[in-house]
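**Student:** Okay, here's the structure, questions in a sec.
The values are calculated or read from the model by the stated rules, or taken from the named source; none is laboratory data. From a predicted model like this one, the values you see are computed outputs, not experimental measurements. Neighbour counts are summed over all protein chains in view; Cβ atoms, including those assigned to glycine, are modelled from backbone coordinates with ideal geometry.
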Amino acid sequence: MSRGARRAGARRASAARDPGQGRIVPRRTAGRTFGRLRRRGVRLVFTNGCFDLLHVGHVTLLEKARALGDALVVGVNEDRSVRRLKGPGRPIVPLAERMEMLAGLRPVDYVVPFAEDTPAKVIAEVRPAVLVKGGDYRLGEIVGRGTVEEGGGRVVRVPLRKGRSTSDLIARARRAVIAAGGAGRVRGGRRRAAGRRR
């Protein structure tokens, strides 16, 4: 990349955040907010997910997505949407906290919630130049692909880090709790046996 292109990219990235504007964008203002950025020439990148328990796989995807444009917009499923998609007991972390954590990550410029089960409507409002999804999705399965490509944008699939997912993290936590509970019962049994001997 030439020095001039790098300077131009830096200017667009700086313009991506309005002074005093928070990173969390209410859904009702998403169209206006991102329309203004596009008119400034900001190259928007979009990805989405539940982001229930943040892990290193999420961070890797977000870093790679951010490198594809000037500003990264992350769509986040609202709580009811997560429950419909993932089942009872989810999300573990409520929407407000999930958005706050995402907004605190270096690669993330904007976070916008959506109530639907798919991000189709919010993608139509953001109209990103690049749509990013994990490599576990086939191109034909990616929601919003048609909208982005019809607008001259492109879809990029990012390889996932093997064994790094929210479901895997929950399973590991459950195994740890079970192991700790089993160890506690053993220790308790030993103490009770010692008491009887005395």
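**Student:** Taking interchain pairs and intrachain pairs at least six residues apart, which have beta carbon atoms under 8 angstrom, with the first residue in the range 132-155 and at negative phi and the second among the hydroxyl-bearing types (Ser, Thr, Tyr) and assigned to a loop (DSSP other than H, G, I, E, B)?
**Tutor:** Short answer, once both residue conditions are applied: VAL143/THR118.
**Student:** If you don't mind, another one. Identify the single condition in (1) under 11 Å from the mean Cα position of the chain (by Cα); (2) modelled with pLDDT of 95 or more; (3) among the aliphatic types (A, V, I, L, M) that LEU54 does not satisfy, given that it satisfies every other one.
**Tutor:** Tallying (1) under 11 Å from the mean Cα position of the chain (by Cα); (2) modelled with pLDDT of 95 or more; (3) among the aliphatic types (A, V, I, L, M), LEU54 fails exactly one: (2).
**Student:** On to the next question. So for the range 138-150 (the condition being touching a helix residue (DSSP H, G or I) at 6+ places or on another chain (Cβ under 8 Å) and at pLDDT below 95), does at least one residue qualify? It would help to see each step written out before you state the result.
**Tutor:** Of the residues in the range 138-150, the ones touching a helix residue (DSSP H, G or I) at 6+ places or on another chain (Cβ under 8 Å) are 139, 143-145, 147-148.
Okay, now just the ones that are also at pLDDT below 95, so 139.
So far as the range 138-150 goes, yes, one or more of its residues are touching a helix residue (DSSP H, G or I) at 6+ places or on another chain (Cβ under 8 Å) and at pLDDT below 95.
**Student:** Name the residue that is surrounded by the most Cβ atoms within 10 Å (Cβ to Cβ), counting only residues in the range 53-82 that are assigned to a helix (DSSP H, G or I) and in contact with a Lys or Arg (Cβ under 6 Å, 6 or more places away or on another chain).
**Tutor:** To start, the set of residues in the range 53-82 that are assigned to a helix (DSSP H, G or I) comprises 56-66, 79-82.
Retained after the next criterion (residues that are in contact with a Lys or Arg (Cβ under 6 Å, 6 or more places away or on another chain)): 56-57, 60, 82.
Numbers: VAL56: 10, GLY57: 18, THR60: 17, VAL82: 23.
The qualifying residue surrounded by the most Cβ atoms within 10 Å (Cβ to Cβ) is VAL82.
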